[in-house]
Amino acid sequence: VNILEKTYPLDNFNITYNNESWTIKPEDIELSFHIEERVDEALNYTRSKSIWNNIKRKGKLNINKPYNIKIKATYNEVKLSKQLEKIYEKVNVEAVDATFYVEPSGEIKRSESKEGRDVDISKLKDDIYNMINKKKIKGINLPVLTLYPKTSTKQVKSINSILGQFSTSFNDSTSRGSNIHVAGESTSDVLLMPGETFSYNKKTGARNWVNGYQSAPIIVGGKVVNG
């Protein structure tokens, strides 16, 4: 047992990213190589209840026909995932799109985009699985994917003028006016880049109470009804 435990030690392993490091202990994920069980299996190979089987097995061993016993590693996948979630929360950052809007004064305002990052979960789990399967506990470099913003700072900087504008007013103290205000808010300050499609329905969402719309007079088939 001691020889096998020295050959296949159950050590802590670190997952590192830049200057940060996270330690996962074998007991944290119920990692085991089941060495004692395999040793018991070897000891009992020629000590079964059947004397005839024991004689045959000893005979094979005497003529150099080995009985191979594989040391298999097991761990708790759920507990491993919980340990890794702490890393995701620390590392993952959403990409930020650049924004562009025009002040009532006509001044153009911009904000810069930022790249995000996302842990490559599939590769990380594969790396851990391969390490455990080979029974060689070692450090792992955290695989991280770069998330790129849909709208970059460069794209926003290319906008330098107002092509056209129009405004009107409506009394928003009524239910119908409130609905117009809600729809106007949800479709304002939309940055539409070349090749992109603007969908009024997607921007406003379902016209229901949950999204802030109220029942108000609308015209259907030439008649005024509530909707």
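Any idea of Lys123's accessible area? Nearest 10 Å², probe 1.4 Å.
We get 100 Å² for Lys123.
Looking only at segment 1-27, which residues have a backbone nitrogen under 18 Å from a spot 7 Å from the Cα of Met131 in the C-beta direction?
8-27
Which cross-chain or sequence-distant (5 or more) residues have an amide H under 5 Å from the amide H of Gln214, H modelled 1.01 Å from N in plane?
Close amide H contacts, sequence-distant or interchain: Asn179.
Between segment 172-227 and segment 65-79, what's the alpha-carbon centroid distance in Å?
What the calculation gives is 61 Å, centre to centre.
Using the Karplus curve 6.51 cos²θ - 1.76 cosθ + 1.60 with θ = phi - 60°, what ³J(HN,Hα) values do you get for each residue of segment 131-140, in whole Hz, with x for Gly and Pro?
Listing the rounded values in order: 4, 5, 5, 7, 6, 10, 6, 8, x, 10 Hz.
Roughly how much of Val182 is accessible, in Å² to the nearest 10, using a 1.4 Å probe?
Taking all protein chains as shown, Val182 has close to 40 Å².
Give the aspartates and glutamates whose C-alpha is closer than 12 Å to that of Lys114, dropping any in the same chain fewer than 8 places away, or say none.
List returned: Glu94, Asp97.
When each pair of different Cα atoms in segment 1-90 is counted once in the 1/r mean, what is the Kirkwood radius in angstroms, to one decimal? Can you show the working numbers first?
Values: mean 1/r = 0.0613 Å⁻¹.
Over segment 1-90, the inverse of the mean reciprocal pair distance is 16.3 Å.
Can you tell me the Rg and the Dmax, both Å, for the Cα atoms in the chain?
32.9, 100
For Asp97, Asp126, give me the order by solvent-accessible area with a 1.4 Å probe, most accessible first, ignoring ligands, DNA and RNA.
So the residues, ranked largest to smallest area, are Asp126, Asp97.
Quick one: ranking Trp209, Trp52, Trp22 by accessible area, 1.4 Å probe, largest first, what do you get? Write out the running numbers ahead of the final one.
Numbers: Trp209 185, Trp52 160, Trp22 45 Å².
The most accessible residue leads, giving Trp209, Trp52, Trp22.
Do any of Lys123/Lys150; Lys72/Lys135; Lys70/Lys138; Lys86/Lys136; Lys72/Lys138; Lys79/Lys125 go past 19 Å between their Cα atoms, and which?
Those over the limit are Lys123/Lys150; Lys70/Lys138; Lys86/Lys136.
The values are calculated or read from the model by the stated rules, or taken from the named source; none is laboratory data. Because the structure is predicted, anything quoted here is derived from the model rather than measured. As a convention, Cβ positions derive from the backbone with ideal geometry for all residues, glycine included, and neighbour counts pool all protein chains shown. Surface areas here come from the heavy atoms of the whole protein model, side chains and all, with no ligands, DNA or RNA. Shrake-Rupley method; radii C 1.70, N 1.55, O 1.52, S 1.80 Å.
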